[in-house]
Amino acid sequence: MDKDTLAKLAAPFPTDRISWRVGAMTKDQSKGIGLAYIDARDVMDRLDSVIGAEGWQCRYTHCGTATVCELGIITHNNWVWKADGSGDTDIEAEKGALSGAFKRAAVRWGIGRYLYELENVWVPLDNKRFTAEAQDRLAQQHEAHIKRLGWGGEQEGPVVANIVRFFTAVIKETVKAKSDAMEFIAKNEGVIATLPALAQKAINEALRPHMEG
């Protein structure tokens, strides 16, 4: 698999797609650490948009009491598999184990891996739940983290720059008419949506001449 495809898989998710659960709490339960996670459906959408719906599959086995997901992606006409596992969750145990194992296997491919690098931040709790202030601080923490990774901010980072160069080169080589532009958008809109505004603007500018007329 080429580096551009891996970079697209590893692209951060929009902040509004990030959910948080309470980790460690202070003794009086007035503060807690926010642990970030993404929904399994967003992982599926990422795989569909980057690899294609027919380019990936998963299968499940068990190792003791743990559910193991093997996530396969086809590359160079061969299936490559990466696996990880999860135990039952407190809510909908078996369903939670399947979802957890799937998301952990996806991390092996880089999807959502950056979330594990987020710094632990203590935020206020109310009855063991995040307050509005806490949710704002956690959202800001995520935004600050992806800026440090070079995915956003006023100055586009090198990874984003490489993705934009890749997309614009593909547009120049393959998009010749409005129908080609529409097909390009349909195939790549999921990945493009994860990019910073300035990066999206550059890609749209490359498509604009083909969208007119």
Residue by residue through the range 44-56, what is 3J(HN,Hα) from phi via Karplus (6.51 cos²θ - 1.76 cosθ + 1.60, θ = phi - 60°)? Round to whole Hz and write x for glycine and proline. 4, 4, 5, 5, 4, 6, 8, 9, x, 4, 9, x, 9
If you average the sequence gap of Cα pairs under 8 Å that are 6 or more apart and divide by the length of the range 3-148, what percent do you get for the contact order? 26 percent
Could you list which residues have their amide H under 5 Å from that of Val121, counting only those 5 or more apart in sequence or on another chain, with H placed in the peptide plane? Gly34
With Cα coordinates, the longest principal axis of the chain makes an angle with the long axis of helix 178-192, in degrees rounded to 10, of 20 degrees
Using 0.36 nm per residue, how much length does the chain from Ala66 to Met44 gain when fully extended, once their Cα-Cα distance is taken away? 5.8 nm
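Classify the chain as rounded, prolate or oblate from the Cα gyration tensor: take a ≥ b ≥ c as the square roots of its eigenvalues, call it rounded if a/c is under 1.5, otherwise prolate when a/b beats b/c and oblate if not. Walk me through the intermediate numbers first.
On the way: a/c = 2.58, a/b = 1.38, b/c = 1.87.
Because a/c hits 1.5 or more and a/b fails to exceed b/c, the chain counts as oblate.
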Can you compute 3J(HN,Hα) from phi for each residue in the range 167-174, using the Karplus curve 6.51 cos²θ - 1.76 cosθ + 1.60 with θ = phi - 60°, rounded to whole Hz and x for Gly and Pro? 5, 5, 5, 5, 4, 4, 8, 10
Long-range amide H partners of Ile111, meaning residues 5 or more apart or on another chain whose placed amide H is closer than 5 Å, are none
Using a Cα distance threshold of under 14 Å, what count of lysine pairs results for the chain when pairs must be 8 or more residues apart or interchain? 5
Signed unit charges on C-beta, dipole axis of the range 158-211, positive-most listed residue Val160, Pro209, Ala177: Pro209
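Read-outs throughout are calculated quantities, based only on the coordinates presented, and are distinct from any laboratory measurement. Keep in mind that this is a model prediction, so the values were computed, not measured. Glycine also receives a Cβ, built like all others from the backbone with ideal geometry; neighbour counts cover every protein chain displayed.
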